[in-house]
Amino acid sequence: MVGHLDLDYFYAQVEEARDPSLRGLPVVVCVYSGRAEDSGVVSTANYKAREFGIRSGMPITLAKRRLKEVESKFIAMRRERYEAYSERIMTLLKEETDITEQTGIDEAFFDITAKAGNDFELASGIASEIKREVFQRERLTCSIGLGPNKIVAKLASDFLKPDGLTIVTPQQVKGFMDPLSVDKLYGIGSKSSALLREKGVVTIADLARTDLSLLEELFGRKLAVYIHNAANGVNEEPVTERGQATQISRIITLKRDSRNVDEILAQLTPTFEDLHSRVVEKKLFFRTVSVIGILTDLSIRTRTKTLEAPTAELSAIGGSAPDLLLSLIKESGELRRVGIKVSGFNEVKDQSSLAEFLQ
Ligand code: DGT
Ligand code: CA
């Protein structure tokens, strides 16, 4: 018994929850690049704004043009705020389900086989309860899909949005999946679906009927088998709890392309504290510090330093960055974006007992 939860128009909905005066207006959350006024892209938009054709990834200038005639609200993305909501909701989900596998900032699979067995009515009650709790605690709506496996659950959460609850029993799987377009299937991106369309494969029903040999030609053996099974509603992949983060990073876009160390450091340094506070929050010790450079041709360069011992000190980040950046720039052209990353984590296991001891 697998579920998939996806928060509705997540970043924009968080902004609405914090500021009720936004309700009813088109709300657009933007990632401003800082280069020129209004340069950057739309991160997401609420459903009112989507009625005007606003989409994730669209240039902010275009979104503003489309909303020129109506009262609307453009807000700069506040990632930390959304992460805090996400963490609380994922914790809630862990309390309500047997296994939770977070797959993005606003989505997760969950398994409730131990709680509900094969009883879809019981499972639907649990899903309604999760929706109610999320709304009561955070004032946010989400959409949930329930099915016999991950493939079906994911399709189901996407089927009815916002605030949806879609239940697909094993008997209903085929009828539910058949008419859907292949690009809805988890693991099929726009490139793969374009390839399939060329072969006349448009719906999942078409895909389910397609010869495995043709799929192998297009995608190779391994992916072909996965896709063939998925299209037939078959997927055995278990919901598995994910481990700790393996790296934490911050990346910024420079005000202008540059290979001047001082100029770049001046813009990168303010991100160190933010990065460091994430490390502290997650109670991690890091062993490596990296500087990442994204060049004007969008190629990526990295320089990494391994520390003598794991640490959680801010000074280890600030102390390593200049040399790493210098060495990176020596062998590269102008940077467009630059980032800082820590990894090689050791969890601090006894934090609470240590805190008690110190008291
Ligand atoms: P939904 O699920 O269709 O109701 O709408 P969202 O906004 O929750 O969309 P989703 O689930 O694909 O993405 C979750 C969040 O991730 C979204 O609120 C903002 C962010 N995001 C999604 N796509 C993009 C993108 O293309 N660029 C940026 N910067 N952020 C994105
Ligand atoms: Ca979402």
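The values are calculated or read from the model by the stated rules, or taken from the named source; none is laboratory data. Please read all numbers here as calculations on a predicted model, not as lab measurements. With ideal geometry, Cβ positions are generated from the backbone for all residues, glycine too; neighbour counts draw on all protein chains shown. The area values use the complete protein model at the heavy-atom level, side chains included, leaving out ligands, DNA and RNA. Shrake-Rupley method; radii C 1.70, N 1.55, O 1.52, S 1.80 Å.
A count restricted to the stretch 123-167 and to residues that are away from ligand 1 (no atom under 16 Å from the Cβ), open to solvent by 40 Å² or more (accessible area, probe 1.4 Å) and among the charged types (D, E, K, R) stands at 3. Looking at the stretch 200-210, is at least one residue open to solvent by less than 40 Å² (accessible area, probe 1.4 Å) and part of a loop (DSSP other than H, G, I, E, B)? For the stretch 200-210, residues open to solvent by less than 40 Å² (accessible area, probe 1.4 Å) and part of a loop (DSSP other than H, G, I, E, B): present.
Note on the stretch 264-292: among residues that are touching a Pro at 6+ places or on another chain (Cβ under 8 Å) and surrounded by fewer than 21 Cβ atoms within 10 Å (Cβ to Cβ), the one that is nearest to residue 330 (Cα to Cα) is 265.
Residue by residue, here is whether (1) closer than 22 Å to residue 5 by Cβ; (2) in contact with a Gly (Cβ under 7 Å, 6 or more places away or on another chain) holds:
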{"position": "21", "(1), (2)": "no, no"}
{"position": "37", "(1), (2)": "no, no"}
{"position": "41", "(1), (2)": "no, yes"}
{"position": "58", "(1), (2)": "no, no"}
{"position": "74", "(1), (2)": "no, no"}
{"position": "92", "(1), (2)": "yes, no"}
{"position": "113", "(1), (2)": "yes, no"}
{"position": "118", "(1), (2)": "yes, no"}
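Restricting the first member to the stretch 269-294 and to residues that are within 12 Å of residue 314 (Cα to Cα), and the second to residues that are open to solvent by 70 Å² or more (accessible area, probe 1.4 Å) and part of a helix (DSSP H, G or I), the beta-carbon pairs closer than 8 Å and six or more apart or on different chains are 274/80. Identify the single condition in (1) more than 15 Å from ligand 2 (Cβ to nearest atom); (2) more than 17 Å from residue 254 (Cα to Cα) that residue 49 does not satisfy, given that it satisfies every other one. Among (1) more than 15 Å from ligand 2 (Cβ to nearest atom); (2) more than 17 Å from residue 254 (Cα to Cα), the lone unmet condition for residue 49 is (1). The residues of the stretch 307-325 that are surrounded by 15 or more Cβ atoms within 10 Å (Cβ to Cβ) and either modelled with pLDDT of 95 or more or not hydroxyl-bearing (Ser, Thr, Tyr) (or both), listed by number, are 307, 310, 312, 314, 316, 317, 318, 320, 321, 322, 324, 325.
Looking only at residues of the stretch 216-246 that are in a helix (DSSP H, G or I) and touching a Lys or Arg at 6+ places or on another chain (Cβ under 9 Å), we find that the one that is nearest to residue 98 (Cα to Cα) is 231. Taken together, the criteria place residue 248 among residues that are more than 30 Å from residue 177 (Cβ to Cβ), open to solvent by less than 60 Å² (accessible area, probe 1.4 Å), touching a Phe, Trp or Tyr at 6+ places or on another chain (Cβ under 9 Å) and modelled with pLDDT under 95. When the residues of the stretch 89-122 are filtered to those that are of a type in the set (S, T, N, Q) and buried (at least 20 other Cβ atoms within 10 Å of the Cβ), the one that is nearest to ligand 2 (Cβ to nearest atom) is 100.
Residues that are more than 16 Å from residue 247 (Cβ to Cβ) and outside any loop (DSSP other than H, G, I, E, B) are absent from the stretch 278-292.
Does the stretch 199-221 contain at least one residue that is closer than 30 Å to residue 305 by Cα and not small (Gly, Ala, Ser)? So far as the stretch 199-221 goes, no, none of its residues is closer than 30 Å to residue 305 by Cα and not small (Gly, Ala, Ser).
Restricting 12, 63 to residues that are within 16 Å of ligand 2 (Cβ to nearest atom) and in contact with a helix residue (DSSP H, G or I) (Cβ under 9 Å, 6 or more places away or on another chain) narrows the list to 12. Here is the figure for the stretch 295-305: residues that are open to solvent by 50 Å² or more (accessible area, probe 1.4 Å) and in contact (Cβ under 8 Å) with a residue 40 or more places away in the chain total 1. The residue that is farthest from ligand 2 (Cβ to nearest atom), counting only those in the stretch 168-180 that are under 15 Å from residue 1 (Cα atoms) and open to solvent by 20 Å² or more (accessible area, probe 1.4 Å), is 171. Among the residues of the stretch 208-220, are any within 16 Å of ligand 1 (Cβ to nearest atom), free of Cβ contacts under 8 Å to residues at least 60 places away in the same chain and outside the structural domain of residue 279 (by TED's automatic domain parsing)? The answer is no, given that none of the residues of the stretch 208-220 is within 16 Å of ligand 1 (Cβ to nearest atom), free of Cβ contacts under 8 Å to residues at least 60 places away in the same chain and outside the structural domain of residue 279 (by TED's automatic domain parsing). Number of residues in the stretch 1-46 that are open to solvent by 20 Å² or more (accessible area, probe 1.4 Å), within 11 Å of ligand 1 (Cβ to nearest atom) and within 19 Å of residue 131 (Cα to Cα): the value is 3. Of the listed requirements (1) touching a residue at least 40 places away in the same chain (Cβ under 8 Å); (2) over 30 Å from residue 33 (Cβ atoms), residue 308 misses just one: (1).
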